[in-house]
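The values are calculated or read from the model by the stated rules, or taken from the named source; none is laboratory data. The structure presented is a predicted model; accordingly, all values stated were derived computationally and were not measured. All Cβ positions, glycine included, derive from the backbone under ideal geometry; neighbour counts span all protein chains shown.
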Amino acid sequence: MSIQSRFTGFCQEVKEGIIAGWAINIAAPKRHAIIFAFIDDYKVAEIKCDLVREDIQEKINFLRSDIGFEFTIPNEFRDNVPHRLLFRFQDGNILSMITLQQPVQKSGENVISMMKLEQPTQKIEALIFKLEKPEVKSLSCMDGWKNGAIHGWVLRQDNVTGKYTGKCQIMVTMDGRHLKTIEANQFRGDVASAVNADARCGFSVVVPRALRKRVRSVFRVFLMPEQIELQGSPYETTLIDDVLEQQLLVINNQLDLMFKEMSSLRKQFKRLISSSNFIITEYGAWAKKYYALLPKRVEKLHQALQLKDIQIDQSIISIICPVYQPEVGFFKTAVESVLKQTYQHWELILIDDGGKSAVIQKEIKRFVQQDSRIKSVTFKENKGISAATNAGIKKAIGQWIAFFDHDDVLVPQALEIMLLSAQLYQAQMVYSDEDKIDNHGAYIDPHFKPDFNYRYLLGLNYICHFVMVKTDAVKQIGMLRSKYDGAQDHDFLLRLTEVIPHDSIFHVPEVLYHWRKTEGSTAETVENKDYAVNAGISCVQDHLKRIKKPAIISSINGFTAYHVAWKKQPSDLVTIIIPFKDQVQTTKECVDRLLEYTNYQNYRIILVDNGSIESETLSFLDEYAHHHLIEVLPIHEEFNFSRLNNIATQQYASDYYLFLNNDVFVEDPNWLSILVNEAALSDDVGIVGAKLLYPDGRVQHGGVVVGPEVIGDHMNRGLERDEFGYACRSVLTQELTAVTAAMMLVKADLFHKLGGFNENHLKVAFNDVDLCLRVKMAGYKVVFSADCMAIHHESLSRGSDDRPEHEERFSYEKEYMNNSWGQKAIYACDPAYSPNFVVRPPLFYELSNPEKAEGAEH
């Protein structure tokens with residue numbers, strides 16, 4: 001007998017395998033209802049009811065409209081066999097379905113037609129359905145053999161939506177024998193760009209050296225479980241490394257006959273010959289090579305200090321470690337990792353936070369007796385993480401405070417690298433990269449962080465572990481605050497930014513900390529931790545109040561990542577500059593959307609006509625020239641993006657210039673207010689860029705990574721619009737090294753001070769990257785706004801640089817960038833992008849060789 005449910009709702013439509021309905025949580029109306037889908041008594045999905053259903057809200061007078069859901073029957077149950085479907089609420093009660101007395105049957109499917117809410121004639125608890133097995137359609141390609149692995153990509157077409165999706169299962173055979181079955185989930189931005197599909201579709205299957213023979217081998221790759229062979233399969237190749245070297249050297253000689261910029265490609269080929277890169281799923285193998293190199297990194301730090309004639313300080317580092325009911329084996333490993341430190345001047349303060357574990361208390365006592373540098377504090381009752389940490393800080397005698405969790409692990413060189421880096425760069429606070437360690441001791445999930453990024457820190461505590469701070473700074477801001485427990489470290493870091501100059505916060509780009517990943521730990525999951533989310537919202541909001549920059553803070557999708565909506569309402573003049581030539585339909589849509597979807601009050605549009613000749617375009621210009629917000633500036637000369645924009649800025653004074661491609665279409669009325677607010681946040685913000693999307697909603701531009709290998713490449717390309725990306729970097733506003741001028745807001749006085757775009761050497765490409773680099777070198781920030789989004793029909797206006805007629809000019813511009821910026825640190829190692837990642841697509845998924853990633857010099 002079912003109990004009285006705290007939920008109510010109905011399924012109202014089943015059509016072509018998609019079930020629509022709604023559900024609400026009566027007991028807690030502010031929370032979305034969760035329902036579970038069962039097919040043949042097996043739970044197949046957990047569904048959050050958060051789709052907008054205003055029709056239902058009106059009928060039941062509920063306080064919110066986002067109560068709907070849709071569920072698509074998975075492909076594995078579309079097998080022309082009857083199945084039984086039902087939905088249950090969290091309390092176990094069944095969600096009823098409303099249907100007609102006699103279901104309407106269509107050929108090849110079971111469809112229960114839509115029934116109006118006020119006229120139900122029958123309620124059923126379960127639906128018996130039978131759907132035909134869909135035809136499998138796919139796109140794929142085997143790219144071949146490179147760097148010890150077979151590479152390629154595959155996409156499967158969804159039979160309901162028609163979209164091509166990645167993460168397919170594939171099977172690889174070698175000479176007729178099974179080699180590996182994996183999920184093709186690597187990031188392929190080139191595929192996403194080419195076919196407007198899921199970027200997570202690539203695969204790289206490493207061939208063990210024992211199987212690499214001098215004779216040719218045949219590889220075949222199949223889409224599973226249907227065993228559909230991929231395009232380009234079978235693939236025959238010789239796997240011996242010296243043959244690969246010979247082939248690349250031949251290509252290298254041929255490249256000598258081409259343009260000068262090919263020298264960079266030759267270096268890339270030679271590097272590929274000498275060693276192979278790793279993909280991020282192979283992080284464990286990469287980490288073993290990396291950790292073996294850390295002693296060399298320590299030596300280089302010592303050498304750097306000697307060159308600068310800096311006397312190595314023997315400061316005491318006080319390591320604060322609250323202890324509350326850890327697994328005893330993990331706790332012993334944690335303490336032993338401190339005892340193994342190569343730097344000896346430390347103290348470890350263990351605070352037993354009322355754990356009442358005789359075993360742990362015994363271990364603490366044993367460690368205290370074993371080493372005089374280990375001290376302890378004991379609470380009779382549990383007081384929480386902040387109170388326990390504060391007790392340790394009060395007992396500390398060191399010149400530095402470091403924070404350590406009771407079951408995590410430090411690498412042996414951690415303290416030495418942190419202290420030497422702090423002394424070399426005169427930092428008051430240092431933080432390192434980190435990874436996770438599972439119960440079997442495997443290293444997984446590396447977190448490679450950017451250099452200090454205040455705007456990113458507002459949205460996420462990306463710093464986390466390992467942190468070391470000058471004791472004087474800790475005393476200045478006071479202790480941790482228990483009211484922020486769950487986000488106490490985020491609050492602590494934000495308060496430190498209020499007293500420590502931001503250029504005294506140094507990022508050590510070395511993985512020095514292993515965060516223990518156990519079931520139920522924060523490292524494992526953040527689910528069911530509303531207290532942490534709410535504490536994070538409060539600490540960010542309170543920080544901004546203290547520095548007099550009020551904002552409304554909200555969680556992004558219930559995670560400990562936060563959206564910042566500034567309350568300020570700036571009124572500075574923004575001049576929107578749009579160069580174009582003909583393409584009247586594109587330009588007209590761009591302008592019409594600006595006029596319709598811009599609620600910012602003080603702006604004007606300058607249409608820079610670069611020699612339009614079509615009659616339709618001239619009529620458009622005559623019509624719009626009389627609009628009070630639009631002016632037309634004719635410049636009839638050879639296309640030079642930099643010069644067109646420079647001339648416009650010279651003729652129109654403004655507070656801000658907004659450079660905009662005519663193939664960028666806005667759709668959010670707040671778009672310009674968001675950009676101006678970010679620019680007005682601080683006097684040292686010089687440029688703000690937007691998040692640009694392909695027409696299908698996937699990311700086209702999420703900021704730019706710079707470096708000699710690519711000069712400028714777009715981050716997060718191919719991700720879904722609201723997908724978090726690596727460390728939430730696709731959805732959070734942050735400081736970057738460059739953004740695209742397809743939609744770029746620049747402070748006018750700074751633009752004029754720096755001489756505008758480089759119109760003499762960078763007429764078309766890389767002028768935006770060059771401007772951003774000059775802005776950064778002048779001491780200003782470049783901000784990427786993840787909240788301002790627009791649709792970009794990439795290169796619709798002037799075509800791609802890959803076309804033969806553009807090659808010579810494009811080659812010269814690449815050479816100019818590398819000659820101008822190649823010796824500068826900001827270009828050689830982008831501070832917003834980890835040196836442990838390869839600076840070329842696929843971004844964030846391919847690891848540089850540890851020997852090449854000179855982290856200590858970052």
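Note on segment 26-43: residues that are in contact (Cβ under 8 Å) with a residue 12 or more places away in the chain, closer than 15 Å to G92 by Cα and under 32 Å from the mean Cα position of the chain (by Cα) total 5.
Residues that are of a type in the set (A, V, I, L, M) and crowded, with 17+ Cβ neighbours inside 10 Å within segment 50-72 comprise I56, I67, listed in sequence order.
To keep it simple, each residue is scored yes or no on (1) part of a strand (DSSP E or B); (2) crowded, with 21+ Cβ neighbours inside 10 Å; (3) touching a Leu at 6+ places or on another chain (Cβ under 9 Å).
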position: I170; (1), (2), (3): yes, yes, yes
position: K180; (1), (2), (3): yes, no, no
position: E183; (1), (2), (3): yes, no, no
position: D190; (1), (2), (3): no, no, no
position: S193; (1), (2), (3): no, no, no
position: D198; (1), (2), (3): no, yes, yes
position: C201; (1), (2), (3): yes, yes, yes
position: V218; (1), (2), (3): yes, no, no
position: V221; (1), (2), (3): yes, yes, yes
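For segment 422-451, the set of residues classified as touching a residue at least 60 places away in the same chain (Cβ under 8 Å) and farther than 28 Å from G725 by Cβ consists of A422, Q423, L424, Y425, Q426, A427, Q428, listed by residue number.
Listed here are the residues, each with its yes/no results for (1) β-branched (V, I, T); (2) touching a helix residue (DSSP H, G or I) at 6+ places or on another chain (Cβ under 9 Å); (3) farther than 18 Å from T560 by Cβ.
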| residue | (1), (2), (3) |
| --- | --- |
| D489 | no, yes, no |
| I500 | yes, yes, yes |
| D503 | no, no, yes |
| L512 | no, yes, yes |
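If you go through segment 130-143 and keep only what is closer than 21 Å to V221 by Cβ and surrounded by 14 or more Cβ atoms within 10 Å (Cβ to Cβ), you end up with S138, L139, S140, C141, M142, D143. For segment 5-24, residues that are modelled with pLDDT of 85 or more and crowded, with 21+ Cβ neighbours inside 10 Å total 7.
When you look at T497, is it among the hydroxyl-bearing types (S, T, Y) and more than 23 Å from G384 (Cβ to Cβ), yes or no? Taking the combined requirement at face value, the residue satisfies it. Counting only residues that are free of Cβ contacts under 8 Å to residues at least 12 places away in the same chain and charged (D, E, K, R), which one in segment 308-355 is nearest to E416 (Cα to Cα)? In this case the residue turns out to be E336. Scanning segment 555-586 for residues that are acidic (D, E) and more than 27 Å from T649 (Cβ to Cβ) yields nothing. Regarding segment 631-643, can at least one residue be identified that is farther than 25 Å from G756 by Cβ and either surrounded by 15 or more Cβ atoms within 10 Å (Cβ to Cβ) or in contact with a strand residue (DSSP E or B) (Cβ under 9 Å, 6 or more places away or on another chain) (or both)? So far as segment 631-643 goes, no, none of its residues is farther than 25 Å from G756 by Cβ and either surrounded by 15 or more Cβ atoms within 10 Å (Cβ to Cβ) or in contact with a strand residue (DSSP E or B) (Cβ under 9 Å, 6 or more places away or on another chain) (or both). Counting only strands (runs of 3 or more DSSP E) that sit wholly inside segment 644-732, those with at least 2 residues that are crowded, with 21+ Cβ neighbours inside 10 Å and under 24 Å from the mean Cα position of the chain (by Cα) are 664-666, 685-693, 699-701, 704-707, 711-714.
Yes/no per residue for (1) of a type outside the set (D, E, K, R); (2) farther than 18 Å from E336 by Cα; (3) touching a helix residue (DSSP H, G or I) at 6+ places or on another chain (Cβ under 8 Å):
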| site | (1), (2), (3) |
| --- | --- |
| A396 | yes, yes, yes |
| V409 | yes, no, yes |
| M418 | yes, yes, no |
| Q423 | yes, yes, yes |
| M429 | yes, yes, yes |
| D438 | no, no, no |
| D445 | no, yes, yes |
| K449 | no, yes, yes |
| F452 | yes, yes, yes |
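K475 fulfils the conditions (1) closer than 30 Å to V705 by Cβ; (2) of a type in the set (K, R); (3) modelled with pLDDT under 95 except for a single criterion, (1). If a residue must be at pLDDT 60 or above and either on the phi > 0 side of the Ramachandran plot or more than 28 Å from the chain's Cα centre (by Cα) (or both), how many such residues does segment 804-839 contain? Total satisfying the criteria: 12. None of R481, R495 is surrounded by 20 or more Cβ atoms within 10 Å (Cβ to Cβ) and of a type in the set (K, R) except R495.
Of the helices (runs of 4 or more DSSP H) lying entirely inside segment 445-548, those containing at least 2 residues that are of a type in the set (D, E, K, R) span 471-477, 488-499, 530-546. From the list F641, F620, the one residue that fits, being in the same structural domain as K581 (by TED's automatic domain parsing) and closer than 30 Å to P570 by Cβ, is F641. In this structure, K116 does not satisfy being modelled with pLDDT under 90, under 26 Å from E226 (Cα atoms) and assigned to a loop (DSSP other than H, G, I, E, B). In contact (Cβ under 8 Å) with a residue 40 or more places away in the chain, touching a Cys at 6+ places or on another chain (Cβ under 7 Å) and under 17 Å from L86 (Cα atoms): does that describe A23? Criteria met by A23. For segment 73-92, the tally of residues that are polar (S, T, N, Q) and buried (at least 16 other Cβ atoms within 10 Å of the Cβ) stands at 1. Does segment 577-594 include one or more residues that are closer than 27 Å to Y657 by Cα, part of a loop (DSSP other than H, G, I, E, B), polar (S, T, N, Q) and not assigned by TED's automatic domain parsing to the domain that holds Y657? Looking for residues that are closer than 27 Å to Y657 by Cα, part of a loop (DSSP other than H, G, I, E, B), polar (S, T, N, Q) and not assigned by TED's automatic domain parsing to the domain that holds Y657, one finds none in segment 577-594, hence no.
Okay, residues lined up against (1) part of a loop (DSSP other than H, G, I, E, B); (2) touching a Cys at 6+ places or on another chain (Cβ under 9 Å); (3) under 19 Å from S5 (Cβ atoms):
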site: P29; (1), (2), (3): yes, no, yes
site: E58; (1), (2), (3): no, no, no
site: L63; (1), (2), (3): yes, no, yes
site: G68; (1), (2), (3): no, yes, yes
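Each row is one residue, and each column tells you yes or no for (1) of a type outside the set (K, R); (2) touching a helix residue (DSSP H, G or I) at 6+ places or on another chain (Cβ under 9 Å); (3) under 30 Å from H32 (Cβ atoms).
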position	(1), (2), (3)
I552	yes, yes, yes
I556	yes, yes, yes
A565	yes, yes, yes
I576	yes, yes, no
K588	no, yes, no
R604	no, no, no
D609	yes, yes, no
I613	yes, no, no
H627	yes, yes, no
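Determine, yes or no, whether I463 is β-branched (V, I, T) and touching a strand residue (DSSP E or B) at 6+ places or on another chain (Cβ under 6 Å). Answer is yes for this residue. For segment 272-293, indicate whether the set of residues that are out of contact with any strand residue (DSSP E or B) (no Cβ under 9 Å at 6 or more places or on another chain) and modelled with pLDDT of 85 or more is non-empty. The answer is yes, given that some residue of segment 272-293 is out of contact with any strand residue (DSSP E or B) (no Cβ under 9 Å at 6 or more places or on another chain) and modelled with pLDDT of 85 or more. Taken over segment 562-575, the criterion of being buried (at least 21 other Cβ atoms within 10 Å of the Cβ) and within 29 Å of the chain's Cα centre (by Cα) is satisfied by Y562, V564. Just so you know, in segment 453-472 the residues that are of a type in the set (F, W, Y) and crowded, with 22+ Cβ neighbours inside 10 Å include one that is nearest to F724 (Cα to Cα), and it is Y456.
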